[in-house]
Amino acid sequence: MMSYDDVPNALQNPFPGKLFNAPGNHSADVNEGCIKDYTGADVTAKHFLNIIQGEELAMIGVGTGRVLKSGPNDHVFIYFVDHGASGVLSFPNT
């Protein structure tokens, strides 16, 4: 999992480290229980491509170093969520 974590770690967040996707007292922390392999500055377009292409050597020393280990008969689903705009796929600082 890649998560830039800008919102949970923002100074303006009244609940440091937590992220809610709905207002109210009964909203779940969507960060709770998430195991993140790459956060902050490790979340880049280059790293994303290395991860989905299985480039283990390129990811040594970055996050957990985990990469996708799929083969020609596998189907991969990528769930990409961003603040973004229509028709745009972007990463922080790129």
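The values are calculated or read from the model by the stated rules, or taken from the named source; none is laboratory data. Nothing here was measured: the structure is a model prediction, and the numbers come from that model. Positions of Cβ are backbone-derived with ideal geometry, glycine not excepted, and every protein chain shown enters the neighbour counts. Surface accessibility is based on the protein's heavy atoms, side chains included, excluding ligands, DNA and RNA. Shrake-Rupley method; radii C 1.70, N 1.55, O 1.52, S 1.80 Å.
Quick notes on this structure:
- Figure legend. Inter-residue proximity from the range 41-53: first residues among the hydrophobic types (A, V, I, L, M, F, W, C), second residues in a helix (DSSP H, G or I), beta-carbon distance below 7 Å, spacing 6+ or different chains. Indicated pairs: 51/59.
- Filter result for residue 46 (part of a helix (DSSP H, G or I), open to solvent by 50 Å² or more (accessible area, probe 1.4 Å) and not hydrophobic (A, V, I, L, M, F, W, C)): yes
- Test: residue in the range 51-58 that is in contact with an Asp or Glu (Cβ under 9 Å, 6 or more places away or on another chain), open to solvent by 50 Å² or more (accessible area, probe 1.4 Å) and assigned to a loop (DSSP other than H, G, I, E, B): no
- Checked against (1) without any contact (Cβ under 8 Å) to a residue 60 or more places away in the chain; (2) surrounded by 10 or more Cβ atoms within 10 Å (Cβ to Cβ), residue 92 meets all criteria but (1).
- In the range 10-26, the residues that are touching a strand residue (DSSP E or B) at 6+ places or on another chain (Cβ under 9 Å), surrounded by 12 or more Cβ atoms within 10 Å (Cβ to Cβ) and either part of a loop (DSSP other than H, G, I, E, B) or not hydrophobic (A, V, I, L, M, F, W, C) (or both): 18, 19
- Only one of the numbered conditions (1) more than 14 Å from the chain's Cα centre (by Cα); (2) on the phi < 0 side of the Ramachandran plot is not met by residue 24, and that is (2).
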